[in-house]
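Heads up: the structure comes next, in structure tokens.
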Amino acid sequence: MRRLTPEELSARNKRNLAIAGALVAFIVLVFAVTVLNLKRNIEARADAIAAGQLVEYAR
């Protein structure tokens, strides 16, 4: 296996940082969407209870 030049090492490090940043951004996006959906469902359940509607628990 050949040794990488400093330019190639620098390019690889930048690429790795870009991939890591994209992965972190995706994880944060999934987390945010999950939290927002949970919040929306909690609010909908509270509204249903306030309106006197029957609320079933998960089976």
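Numbers at a glance
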item	result
Accessible area (Å², 1.4 Å probe, nearest 10) - R2	150 Å²
Unit charges on C-beta of K, R, D, E only; dipole of the chain, Debye	400 debye
Helix axis angle, 6-50 relative to the chain longest principal axis, alpha carbon, degrees	0 degrees
Solvent-accessible heavy-atom area per residue, rounded to whole Å², over the chain at 1.4 Å	97 Å²
Among P6, T34, A50 - extreme Cα towards positive end, dipole of the chain, charges at beta-carbon	P6
Inter-label distance, nm, simple model (7 Å from Cα along the C-beta direction), F31/A48	2.9 nm
(i) 82; (ii) 68; (iii) 49, with the label sought being that of the calculated volume of the Cα convex hull per residue in Å³	(ii)
Where GluC sites (Glu not before Pro) fall in DSSP loop in the chain, at most 11 other Cβ within 10 Å	E56
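The values are calculated or read from the model by the stated rules, or taken from the named source; none is laboratory data. None of the values given here were measured: they were computed from a predicted structure. Every residue, glycine as well, gets a Cβ built from its backbone with ideal geometry; the counts of neighbours run over all protein chains shown. SASA here: full protein model, heavy atoms, side chains in, ligands and nucleic acids out. Shrake-Rupley method; radii C 1.70, N 1.55, O 1.52, S 1.80 Å.
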